[in-house]
1. Might you work out the accessible area of B:ASP285 for me, using a 1.4 Å probe with all protein chains in place, and round it to the nearest 10 Å²?
2. So for the protein assembly as shown: antiparallel DSSP bridges make up what percent, rounded to the nearest 5?
3. Return the long-range amide H neighbours of A:MET553 (sequence gap of 5 or more, or a different chain), with a cut-off of under 5 Å between placed amide H atoms.
4. At a 1.4 Å probe radius, which order do A:TYR447, A:TYR168 fall into by accessible area, largest first?
5. Show B:TRP159, B:TRP34, B:TRP264 ordered by accessible area, largest first, where the area counts protein heavy atoms only and the probe is 1.4 Å.
6. How big is D for the stretch A:58-199, in µm² s⁻¹ as a whole number, if Stokes-Einstein is applied with the Kirkwood radius of its Cα pairs at 37 °C and 0.692 mPa s?
7. Quick one: pull the percent of accessible area on the stretch B:176-301 belonging to carbon and sulfur, 1.4 Å probe, ligands and nucleic acids left out.
8. Among A:VAL35, B:ILE51, B:LEU103, which residue has its Cα positioned farthest towards the positive end of the charge dipole of the protein assembly as shown, with +1 placed on the Cβ of Lys and Arg, -1 on the Cβ of Asp and Glu, and the dipole taken about the Cα centre?
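The values are calculated or read from the model by the stated rules, or taken from the named source; none is laboratory data. Quantities reported herein were computed from a predicted structural model and do not represent experimental measurements. With ideal geometry, Cβ positions are generated from the backbone for all residues, glycine too; neighbour counts draw on all protein chains shown. Calculation scope for accessible area: heavy atoms of the full protein, side chains included, ligands and nucleic acids excluded. Shrake-Rupley method; radii C 1.70, N 1.55, O 1.52, S 1.80 Å.
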Amino acid sequence: MSTAEFAAARAEPTRAAVSVQDLRIELASTRTPVVSDISFEIGRGEILGLVGESGSGKTTVGLALLGHARRGLSIAGGSVLLGDRDILDLGDEELRRLRGALVSYVPQDPASSLNPALRVGIQLREVLEAHQADRNGQRASRGDHSERIAEMMREVALPDEREFLRRYPHELSGGQQQRIGLAMAFANRPRLIVLDEPTTGLDVTTQAHVLETVRQLAKLHDVAALYVSHDLAVVAALADRVAVMYAGRLVELGTAETLFTSAGHPYTRRLIGAIPRLTGGRSLLGIPGRAASPGRRPPGCSFAPRCSMRIEQCDQEVPALRPVGPDHLVRCIRAEEVLTKEQRRIGDPIEMPAAGDLAAVRLDSVVALYGRHEVVHSVSFSLAAHECLALVGESGSGKTTIARAIAGLHHNWTGKITLGDLPLHTSARRRDADTRRRIQYIFQNPYGSLNPRRTVGEIIGQPLRVFGTASGRDADRRVAEMLERVSLTASYAARYPDQLSGGERQRVAIARALVCDPAVLICDEVTSALDVSVQAAIVELLGNLQRDLGLSMLFITHNLPLVRSIAQRVAVLHDGVVTEVGETAQVLGSPAEPYTRQLIADTPSLETAIAEVGIAEPPTPATSPG
Amino acid sequence: MIPAAGADMAAEAVPLDAPPVRATSLLRRSLRLWRTRIGIALVGLLVLIAIVGPFIAPHGSSAFVAAPFSPPGKGAVFGTDHLGQDVLSRLLDGGRSILLMALIATAAGLIAGVVIGLVAAYARNALDDVLMRGMDVIMAFPQIMLALVAAAVVGPHPWVIIVAIALTTVPRIARVARGAALPVVERDFIACSEAMGVPRWRILFGDLLPNTLGPLMVEASLRMTYSIGVIAALAFLGLSTNPNDPNWGLMIQDNRTALAFQPWGAVMPIIAIALLTMGTGLIGDGIARTAAGIDRSRGAE
């Protein structure tokens, strides 16, 4: 449905498939509001993207549309009107009947939402039978279902053969599992469907196919869809309208086009500025500070403490969500001023320093195995001194295995890896201390890479102790220095990791890697567990450090646009083979290999999305194996 | 790789002020529960009795005070036992050996069990199998049987009983330690220490051990409870160190014949053992509940 059509639909309130009014959700124990003043409508066949960062309350709102509150939370007020029925007024039995029939849900992790002990065909049949019985008071015949199931499978571009339906969930790929989830959600032709980051765990190619399926099904069956996500690029590619949440409130609501080209809220603008772009190597701008948690939110505008346009009135009362244009609502008292500013200017082009001639790390015919299974097939490339080389690839391509082999954490490999002129032993333990010191590794998940029982000071000081670099006062001084270097303060040394946010933890992990003055830094998906605004800040920090300290950095990621903002060169890895290596601009701008081209085409990015809002063609089922 | 769903959920959950879980804070937090407070009060009281008892006892533990099985009266608050000795004095004197033996046995079993469990979890190879199957073999012997056989064969020396109980404590602690350490071994901070070349023993006791303390504390207090029970039971069965030394288990055995007309001789040590095991049990329960409560509240977020 186009914007104009939707505007017409809005004028006639009965046509909105779902209407949320003044929704308020509290912590059950303290009655602290977690989410408040949420009002929006979704038309039939429309996809509303609900975006926000961790803790913004977007999933809580999504679940409330199903009449559900997570444990410890309670829906304290407001209404969710589905037609003329208020979901929040319904009893448990009515809700049960409603879910799956009129409203349905696609969770984030498809693997955990399917019963591992039942064949997928049986699970699909169950969904149909459960609600058929409710509707007719009797069960439809088996034959009917087989036909319906085949139809459902075709709709989500999965094979409808008997053999496929007899598979168990673990015999399907992640993409296929999520398609089964979609088929189940759409099975009973619901009026409203809530999708909670259904593509988060999927590869870009799979994600692209799943997104197309969602879009196609929503239009085809006139289903109102709420797509909850932290990924603005995905939402930009998929949604008709977008609602932005910050600290439990909607701060902006408008068409996807309006939001991504001329947002009216400073937060939305900063958020968009933090998204890495596929075109042009621009520096990413993070948002300083962090969102206040429930109960600690300021009395005025929640974003005011982090806002560059803050004035005195911002702190006095919560601004109203008010219209600033056709179908465009903003919760900011200075929205008009924001709108006059040019949105396009985001980040400065980055001057990438020239890479040195010497190779810092060289891989020569490296073959890595897991047990007997070969996951990396004869890979050779080199990381030049003082350069940042991005190693990109989908999950299972072997990029982390290569990184761990260089760091001496994956032992089962043959071939040759040299650090400068020094051939490296497979195991870190067999390497001498100086070699271990010169290669430092930053892990993907900052929630797992810091020992929760140690203070930040102890964690950062550990390498100093292990390598005997410094001790006592001297070590404390070095730790404080490192904390400053990663834009934290010395006072963080006394804290424990669980008192830090994800971004702060990753900064601590970076400080730990830098404290012993390494030559080579391996960053393994260091931003994938972080929010976009935090990711931008971390990438900015890593880029600056790499340039200032002259580090050689291997930056492993599945996020192609991110590569533009940090790496001079990029190596594309596909099924354990390096398919393409070259300058970043060249590889991403005019890829030589078909695989790279496909990868870029499937990557949701803001540029492509803005150019093609609402006009994307549905895919032909044959080309989407999931 | 693609962000794992788990990682993303962790990112969602943490900003809502998750309570920190550290060993010290676990103990301190468990003190908010009445069961832990009562447990500590009970254990404290009985430990106090065991320590100062001999000094405040009105009579010597083997002194003849009145006719055997005299009811409570002048000179003997709880009457006398089968040899005419003061029940109160023997009660005050009889806790020390049980407590000391249980403490040494549990501590020894705890140390050996933790080392074996952590090594097994960290090795995850043939050594893991060898160690844990060995533990299974020991676990196949019932605790009291092993102690009885050892005491019968070698003689009822205190160290024999301590070794037998420690030996049967080891596999149970090892299992808990290994189970708690397995998920921790997978975490990246262990890999980080390995990449730095931190010595293995340091990874075991510096990185792994502090992250398994919660379940270990629960298991240790449970094992302490059982050790007290077994030592008392052995004494009751006549396998105490010296028949003349006062000992709660032995007192029950000696005085149970007079339960009908001079119950205090048997009932008082029964109460003492019951309060002591209840105390250690409540402490363990309090810690377990606190740990579970922290998990639950995290889950809700």
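1. Its accessible surface works out to 50 Å², give or take rounding.
2. Roughly 60 percent of the DSSP beta bridges within the protein assembly as shown come out antiparallel.
3. Amide H neighbours of A:MET553: A:GLU387, A:CYS388, A:LEU389, A:LEU521.
4. Reading off the accessible areas and sorting them downward yields A:TYR168, A:TYR447.
5. These residues rank, largest area first, as B:TRP34, B:TRP159, B:TRP264.
6. Using the Kirkwood radius from Cα pairs, D works out to 205 µm²/s.
7. Within the stretch B:176-301, the accessible surface is 63 percent carbon and sulfur.
8. Positive-end residue among those listed: B:ILE51.
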